[in-house]
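These notes are about the structure you will find just below.
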Amino acid sequence: MIKVGKWITKHKNLILLLTVLLLIPATLGYISTRVNYDVLSYLPKTLETVEGQDIMVDEFGMGAFSMIVVDDMNMKEAAKIEKQVEGIDHVKDVLWYDDMLDTNIPIEMLPEDLQKSFFNGDATMMIAFFDSTTSADDTMDAIADIRATVAKNVYASGMSGVVTDIKDLALQEMPVYVIVAAVLCLLVLLITMDSLVAPLIFLLTIGISILFNLGTNIFLGEISYITQALAAVLQLAVTMDYSIFLLESFEANKKRFPGDKKRAMAHAISNTFKSVSSSSLTTVAGFIALCFMTYKLGMDIGIVMTKGVVVGVIVCVTVLPSLILTFDGAIEKTSHKALIPSLNGVSDFIVKHHWIALILFALLLFPAIYGNNNYEIYYNLDSSLPDDIPSAKANQKLKDNFDMSTVHMVLLENGLSAKEKNTMLKEVEDVDGVKWVLGLDSIFGPNLPDTLLPSDVKNMLKSDNYELEFVCSDYASATDESNEQIHKIDTIVKKYQKEGMVIGEAPLMKDLADVTNVDLENVNTISILAIFLIIMLTFKSISIPVILVSVIEFAIACNMAVPYYTHTSLAFVASIVIGTIQLGATVDYAILMTNRYQKERVIQKRSKKDAIMIAHKASIKSILTSGCCFFAATFGVSVYSRIDMIGSICTLLARGSVISMIVVICILPAMLWIFDGLIIRTTWDMRKAKVHQRDKENGNVAIEEK
């Protein structure tokens, strides 16, 4: 690697030129990558609810619908609104009562089902069907056009409206995420480092690697808005250590090779690559574990972030050395006395009073485990958004005016007799929380021949192979009541037709909960096993990976217990990804300290106390800097973001970085002290040394060569 380092230092100008040129396609790739704002679209394609959505598109030419509430308008004005909505691009049809009866017929003469479905006082409701899926760009454009062209007292509810609002919010906020994270990280670096220019170079380098990563997403076709929002912040948080390590190594090698900066940098590149490539494996393992999720959003995040870490390592050992050599004079001129005082006294106290940490660990362990196992998760996407956005207002109007929260669809294959359908739908109407059922039979009666049905309505609700029924529910999506209701309706439908399906927003969210509950356990298990294996091979030890993983898992449990004791519900995505990301990103803190402890114990033949003390003093500042950078990069986003799906993840990451930092600094030394003998017996490099237990006043253990 020394030869590669020398080549990089010799051709630094060429590297910088290539970097500038590569930023052009990277920018174009970033702009051209489609962003998916519908988290439900990542459900497995094999689910019946997802298959039903595809059937809707193939059979009826529509993949989404919206309940449109028209408030305080007379019949003629409402009819005009209907025509306006029908004229908007990608609105396939609008179902209203004038599709069945003349608007001159008094509302009181309508069948009771129609009255309940479409009218309540001065409010009326229409169902707009779109020719694309819920999160398709065409559907979101249609929702935006509906909002822009119709009257102010017209409200478009439903999942397509929610997805459109997520898109609008995300586009407003994402640039701010990066700015806030960068500014707060810069503040941390200026405090913890002794140079004014170096932090700016670090941020520039990481910014380049982020753009390279986001630009190469074009090969994936599209990425989730959650992935795009978190990619830059997480990449900044987890790769900052690499830059700090390179500069520290460069400064050390400048003293080793005075007057030869290129040679010093070549050795720094070699040292950094060896250290960073191994430490980054745990971070990569955490992200790769997400790729094993059945819910494909995990793979989306996992691939992008794994790529980001790899790109970060490459840029760190190529572009960053070139920039440091170019601006080394400015770095030296702006150097100043370190603002953070020596932490040796803190280290002495922590190691000497390690029993305090053990007592705290024992006291917190069971409350942390209990809280970690019992926090509340929400799956309703509406809950992750502010109350003042258009979709939230529309959904509230739907609730206030029609006392309904969601609408399910029953998709039936043609073939059931009118009597069977009528009996089935009456059973569905009797299910708790079902307000009404709307279909061809309920509108026109079961005895009207198909040939006499109005063609517009028939085309909306019946195809050559399938028929649609709408079920209005009082229950909000993703609640226990809604899930139980869907189960009962599905049981009734399957009793009459095995191929029948209950589809729509609420059934999809029910499947989302079922799928992600399994994913949560699988992802955590895979990440723990993968990181355990990496640490075991790195240290050639059985006990060390158990200790390090247990320490970080304790930190994760403490982090996840906070929502339980503060009665805070977590977005389902946050509960899945946080464990593996916190483990993969912060176990490096523990590895750094343990690696130095092992070297001091074996190579330098230090006593247990001295080895732990030296390791703690050598690593505490790096751990604090790394943890504070991680906190800074995520905390600002958690405070600013109005999208709770993103904000809750960043809140957990910010808090998790601090907890992991504290646990490693305070509890890990105590664990090394207690299990020192076990570590020696179960670690290959340490077993090669002969250990003599000596009765010394300080109770230390000395290591001597065989």
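The values are calculated or read from the model by the stated rules, or taken from the named source; none is laboratory data. Treat the numbers as computed from the prediction; the structure is a model and nothing was measured. So basically every Cβ, Gly included, is an ideal-geometry build from the backbone, and we count neighbours across all protein chains shown. Only protein heavy atoms, including side chains, enter the accessible area calculation; ligands, DNA and RNA are left aside. Shrake-Rupley method; radii C 1.70, N 1.55, O 1.52, S 1.80 Å.
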Condition test on Leu411, is it open to solvent by less than 30 Å² (accessible area, probe 1.4 Å), assigned to a helix (DSSP H, G or I) and touching a Leu at 6+ places or on another chain (Cβ under 7 Å)?
no
Among the residues of the stretch 331-347, which ones are open to solvent by less than 60 Å² (accessible area, probe 1.4 Å) and farther than 20 Å from Val188 by Cα?
Gly345, Ser347
Which numbered condition Val162 misses (of (1) open to solvent by less than 10 Å² (accessible area, probe 1.4 Å); (2) farther than 24 Å from Ala476 by Cβ; (3) not small (Gly, Ala, Ser)):
(2)
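Taking the condition within 30 Å of Ile208 (Cα to Cα), modelled with pLDDT under 90 and either out of contact with any helix residue (DSSP H, G or I) (no Cβ under 8 Å at 6 or more places or on another chain) or open to solvent by 40 Å² or more (accessible area, probe 1.4 Å) (or both), does Met109 pass?
Working: within 30 Å of Ile208 (Cα to Cα): no; modelled with pLDDT under 90: yes; either out of contact with any helix residue (DSSP H, G or I) (no Cβ under 8 Å at 6 or more places or on another chain) or open to solvent by 40 Å² or more (accessible area, probe 1.4 Å) (or both): yes.
The answer is no for Met109.
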Filter the stretch 68-80 down to the residues that are open to solvent by 10 Å² or more (accessible area, probe 1.4 Å) and aliphatic (A, V, I, L, M), then identify the one that is nearest to Val502 (Cα to Cα).
Ala79
Mind checking which pairs have a first residue in the stretch 354-371 that is assigned to a helix (DSSP H, G or I) and a second that is of a type outside the set (Gly, Ala, Ser), Cβ under 6 Å, 6 or more apart or different chains?
His354/Pro669; His354/Trp673; Ala357/Cys666; Ala357/Ile667; Phe361/Ile667; Ala368/Cys558; Gly371/Tyr564; Gly371/Tyr565
Could you grab me the full set of residues in the stretch 630-658 that are surrounded by fewer than 24 Cβ atoms within 10 Å (Cβ to Cβ) and under 19 Å from Tyr564 (Cβ atoms)?
Ser638, Asp644, Gly647, Ala654, Arg655, Val658
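Would you mind finding the one in Ser278, Ser243 that is open to solvent by less than 40 Å² (accessible area, probe 1.4 Å), in a helix (DSSP H, G or I) and either of a type in the set (S, T, N, Q) or closer than 29 Å to Gly584 by Cα (or both)? Talk me through it step by step, then tell me what you get.
Numbers: Ser278 fails: open to solvent by less than 40 Å² (accessible area, probe 1.4 Å).
Only one candidate passes the filter, namely Ser243.
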Any residue at all in the stretch 417-432 that is within 21 Å of Thr164 (Cβ to Cβ) and open to solvent by less than 30 Å² (accessible area, probe 1.4 Å)?
no
All but one of (1) open to solvent by 60 Å² or more (accessible area, probe 1.4 Å); (2) closer than 26 Å to Tyr225 by Cα; (3) touching a Ser or Thr at 6+ places or on another chain (Cβ under 7 Å) hold for Asn271; state the number of the condition that does not hold.
(2)
In the stretch 134-154, which residues are in contact with a strand residue (DSSP E or B) (Cβ under 8 Å, 6 or more places away or on another chain) and crowded, with 19+ Cβ neighbours inside 10 Å?
Thr134, Ser135, Ala136, Thr139, Ala142, Ile143, Ile146, Val154
Within the stretch 191-210, residues at pLDDT below 90 and assigned to a helix (DSSP H, G or I) come out as Ile191, Thr192
Scanning the stretch 516-526 for residues that are within 16 Å of the chain's Cα centre (by Cα) and touching a residue at least 40 places away in the same chain (Cβ under 8 Å), which turns out surrounded by the most Cβ atoms within 10 Å (Cβ to Cβ)?
Val523
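Taking the condition of being β-branched (Val, Ile, Thr) and open to solvent by less than 20 Å² (accessible area, probe 1.4 Å), how many residues in the stretch 114-133 meet it?
Step one: filter the stretch 114-133 for residues β-branched (Val, Ile, Thr), giving 124, 127, 133.
Adding the requirement that they be open to solvent by less than 20 Å² (accessible area, probe 1.4 Å) leaves 124, 127.
Count: 2.
Residue by residue through the stretch 562-578, note down the ones that are crowded, with 21+ Cβ neighbours inside 10 Å and either modelled with pLDDT of 95 or more or assigned to a helix (DSSP H, G or I) (or both).
To start, the set of residues in the stretch 562-578 that are crowded, with 21+ Cβ neighbours inside 10 Å comprises 563, 570-578.
The answer is Pro563, Phe572, Val573, Ala574, Ser575, Ile576, Val577, Ile578.
How many residues are part of a loop (DSSP other than H, G, I, E, B) and open to solvent by less than 30 Å² (accessible area, probe 1.4 Å) when one looks only at the stretch 292-322?
Our first condition is that a residue be part of a loop (DSSP other than H, G, I, E, B); within the stretch 292-322, this holds for 292-296.
Going one step further and asking which of them are open to solvent by less than 30 Å² (accessible area, probe 1.4 Å), we end up with 293, 295.
Number of matching residues: 2.
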In the set Lys605, Lys609, Lys617, Lys599, the lone residue that is open to solvent by 30 Å² or more (accessible area, probe 1.4 Å), charged (D, E, K, R), farther than 18 Å from Leu186 by Cβ and without any contact (Cβ under 8 Å) to a residue 60 or more places away in the chain is Lys599
Do we have Met265 as more than 25 Å from the chain's Cα centre (by Cα) and part of a helix (DSSP H, G or I) here?
yes
Could you give me the residue pairs with C-beta distances under 6 Å whose first residue belongs to the stretch 122-146 and is more than 17 Å from Gln53 (Cβ to Cβ), whose second residue is charged (D, E, K, R) and open to solvent by 40 Å² or more (accessible area, probe 1.4 Å) wherever it lies, and which are 6+ apart or on separate chains?
Asp122/Asp72
Filter result (open to solvent by less than 50 Å² (accessible area, probe 1.4 Å) and basic (Lys, Arg)) within the stretch 8-28:
Lys12
Val351 passes all but one of the listed conditions (1) farther than 30 Å from Asn524 by Cα; (2) of a type in the set (Val, Ile, Thr); (3) loosely packed, with under 15 Cβ neighbours inside 10 Å; the exception is number (3)
